[in-house]
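Step one of this worksheet: look at the structure below.
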Amino acid sequence: MATRPAQGTQALRKLSAVVAPARCVRPVMAKLNANRSFAKMARSHGSRAFELRRGQAMPCQAAATTSAPATSEFIEATGADVRVRFAPSPTGNLHVGGARTALFNWLYARRMGGKFILRIEDTDLERSTKASEDALMRDLKWLGLDYDEGPDKPGDVGPYRQSERTHIYKDYADKLVASGAAYPCFCTDAELAAMKAEQEEDKLPPKYAGKWNTASAGEVKEMMDKGVPYVYRFRVPVNEIITIDDLVRGEVSWNTDTLGDFVLIRSNGMPVYNFCVAIDDATMKITHVLRAEEHLPNTLRQMLVYKALGFDIPRFGHMSLILAPDKSKLSKRHGASSVGDFKDEGYLAPAMINYLSLLGWNDGTEQEIYSADDLKEIFSLERITKSAGVFDKVKLSWMNGQHLKAMPEEEQTAMIGLELFKAGVLKSADSAAAAEAMIALVRDSLELVVGVDEKVKPILGYPLRETMASGDADKVLADNFGEIVAAVLAAHASGDLAAAVADDTVKKWIMAQGKAMTRKGKGLFMPMRIALTGRMQGPEVPAVLSMLVTVEGEVAEGAGFANLDARMAELKAWATEAGHL
């Protein structure tokens, strides 16, 4: 059994002062003869307490004396007064949904000239890890989402980890108890399970229905003196309508009768999520809470805490979820789903920012490519859409290619050259000329840096035998391919071919050969391509031959590089074996 958190005598005196002596009986603690009529009455009054009078279930007055908190008002903040936050739990990787939430908050803060705060919600002690926290911060840094305050950037409203703020939550829980808005509950797990089972049997909504909402000061003191573990519960007001003007979804309302008295602090002293969030957002002076729609149901509990403590209330905006192409919730089964995964696969941070910005937002135009600086100038909450965004990796890859092409050439060459070195294509990461020569041949089709070697290696090699064995070149072979082979080998032997490569006149040389053989069009260029590159498709033949000269001596062993001499030797050997010479 969990041990009772340390409770001071001052807190106990507060409890004694606010817990009324009257005791009301909730309708699920014992079977009653008039069970069905009692259940009907309970449903009509939601989660109110009841007392028994002459066999009838009647609503009774609230047992605790409450003091009215200061009036809560919704915050209206603009410009530098805007304060938004991203509050992840360090229980795993930063997924694209969380990254999109962080991005929208960051963009709004930068657009308004306000502050973007990082808060770590690590009260789940079993699942939270320092490694996950470090990874989250590393991914945010990679994306370029710099925060103004956070665990490693202290401000005036820290600490910025919930695990370091437990004393703050305890203080506010005591204030709620002192005002009558909360109370200690000593119900055991077995008692709570019995309540739930009886509510299900009587078709009642699942709500707390124990006696501690209306227990006397003496009963509370007796249990505390015994050291019985307890939780703090919030006393939910009866039949109140709570309304927010959601920045994305418009007006949203709840009736408090849909909610039972909920736990604020567990018996081990750790606060519950909705209590922490409300306290943190209020004390950190958050003006706008922009988060995923899955948090919308939490808003009622948080609103009640705000109102009970007299806190001003931030503006809420709940963004739609990000779905997979099959319209299910995006998950690992759909492939990469975390920022780190996409980084490892070779996606660029600017492309991720661009793509995520369009999952649930648009500027009203057909434009698709934006830089982060562009987005900071045009982002607005009014353009966040209610409809769910669908994550399309094909579209992301295309967008990544656009950002890759837009990079300064020197930066692009250095990045791709490093990847070619790591992939075992280049001998050195500093071979800028060789890297540029290779990149020039694949630039138009390149979408990702990772995997560029798979596009470059086929061009470096000379797969003549594979092409001929495939059967794809049978028509070329049948059209007197030996004539082309003889012309190419003769030009190589005389040095004319090497001279054409050096002078960048290969196309002119090919045309001259075609005139001499009365060939043109596909009957000329396809057999020339096969003879010189060993392939039936790829970059322009003159560009390939020029690249071979530039990269010679810079290509790593094992990359399958074949220079012009090696190609001609292989062509001659194959042609001889095949009877074309």
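The values are calculated or read from the model by the stated rules, or taken from the named source; none is laboratory data. Please read all numbers here as calculations on a predicted model, not as lab measurements. As a convention, Cβ positions derive from the backbone with ideal geometry for all residues, glycine included, and neighbour counts pool all protein chains shown. The area values use the complete protein model at the heavy-atom level, side chains included, leaving out ligands, DNA and RNA. Shrake-Rupley method; radii C 1.70, N 1.55, O 1.52, S 1.80 Å.
Between Thr576 and Ile369, the contour length at 0.36 nm per residue exceeds the Cα-Cα span by 69.1 nm.
Peptide packing for 415-423, 514-522 was compared via the average number of neighbouring C-beta atoms within 10 Å per residue; ordered from the highest value, the list is 415-423, 514-522. Sorting 138-146, 496-504, 317-325 by their mean Cβ neighbour count within 10 Å, with the most densely packed peptide first, gives 317-325, 138-146, 496-504. To the nearest ten degrees, helix 409-422 and the longest principal axis of the Cα atoms of the chain are 90 degrees apart. Ordered by 1.4 Å accessible area with all protein chains kept, His95, His288, His492 run largest first as His95, His492, His288. Once the Cα-Cα distance is subtracted from the 0.36 nm per residue extended length, the Glu557 to Ala478 segment shows a gain of 24.8 nm.
As I understand it, the value is the acute angle between the Cα axis of helix 9-18 and the longest principal axis of the Cα atoms of the chain; what does it come to in degrees, rounded to 10? Once rounded, the angle reads 70 degrees. For the stretch 162-176, backbone phi angles converted through the Karplus equation (6.51, -1.76, 1.60; θ = phi - 60°) give residue-by-residue couplings of 4, 5, 9, 10, 4, 5, 5, 5, 4, 4, 6, 5, 4, 5, 5 Hz, Gly and Pro being listed as x.
Excluding same-chain neighbours fewer than eight residues apart, the aspartates and glutamates reachable from Lys393 by a Cα-Cα span under 20 Å are Asp139, Asp326, Asp341, Asp344, Glu345, Glu366, Glu368, Asp444, Glu447, Glu454. From the largest down, the stretch 394-552 spans 46, 33, 25 angstrom on the principal axes of its Cα atoms. Under the criterion of Cα pairs below 8 Å and six or more residues apart, the relative contact order for the chain equals 14 percent.
Peptides 352-365, 551-564, ordered by how many other C-beta atoms sit within 10 Å of their residues on average, highest first, read 352-365, 551-564.
For the stretch 121-239, give the magnitude of the charge dipole about the Cα centre (Cβ charges: +1 Lys/Arg, -1 Asp/Glu; no others), in debye to the nearest 20.
340
Computed from the C-beta positions of Glu219 and Leu321 and an R0 of 51 Å, the FRET efficiency is 0.65 to the nearest 0.05.
Straight-line cross-link partners of Lys572 among the lysines, defined as a Cα under 21 Å from its Cα and at least 8 positions apart when in the same chain: Lys475. Projecting the Cα atoms of Ser267, Gly553, Ser428 onto the charge dipole of the chain (Cβ charges, centred on the Cα centre) puts Ser267 farthest toward the positive pole.
In summary, the lysines within cross-link reach of Lys507, defined as a Cα separation below 21 angstrom excluding same-chain residues under 8 places away, comprise Lys515, Lys520, Lys522. Put a dot 7 Å past the Cα of Ala502, heading toward its Cβ, do the same for Val157, and the two dots end up 7.2 nm apart.
Report summary: the helix-based calculation at 222 nm, which adds -39500 (n - 2.57) for every DSSP H run with n ≥ 4 and divides by the residues of the chain, gives -14000 deg cm²/dmol. log₁₀ I(q)/I(0) of the chain at q = 0.08, 0.10, 0.13 Å⁻¹, via Debye over equal Cα point scatterers, no solvent, to two decimals? For the requested q values the scattering log ratios are -0.71, -0.92, -1.27. Measuring r between the beta carbons of Glu164 and Glu126 and using R0 = 22 Å, the FRET efficiency lands at 0.80. Carbon-plus-sulfur accessible fraction, the chain (probe radius 1.4 Å, protein heavy atoms only): 51%. Here, the stretch 135-278 yields an orientationally averaged convex hull projection of 12.8 nm² when only Cα atoms define the hull.
Of the cross-linked pairs Lys170/Lys376; Lys170/Lys226; Lys130/Lys207; Lys343/Lys376, those separated by over 28 Å at the C-alpha level are Lys170/Lys376; Lys130/Lys207. A simple charge model with +1 on the Cβ of Lys and Arg, -1 on the Cβ of Asp and Glu and nothing else charged puts the dipole of the stretch 216-318 at about 260 debye relative to its Cα centre. The residue list Ala493, Leu464, Val541 was ranked by how far each Cα lies along the charge dipole of the stretch 459-541 toward its positive end, using unit charges on Cβ atoms, and Val541 comes out on top. Net charge dipole, the chain: roughly 2760 debye, given to the nearest 20, about the Cα centre with Cβ charges of +1 for Lys and Arg and -1 for Asp and Glu.
Determine the per residue accessible area of the stretch 122-204 with all protein chains present and a 1.4 angstrom probe, expressed in square angstrom.
Roughly 49 Å² per residue, with all protein chains present.
Relative to the dominant Cα principal axis of the chain, helix 506-517 is inclined by about 50°.
Think of the stretch 200-289 as having a plus end and a minus end, set by charges on the Cβ of Lys, Arg, Asp and Glu; of Thr243, Trp212, Val289, Trp212 sits farthest toward the positive end of this dipole.
Solvent exposure of the stretch 482-556 amounts to 47 Å² per residue of accessible area, where only protein heavy atoms count and the probe is 1.4 Å.
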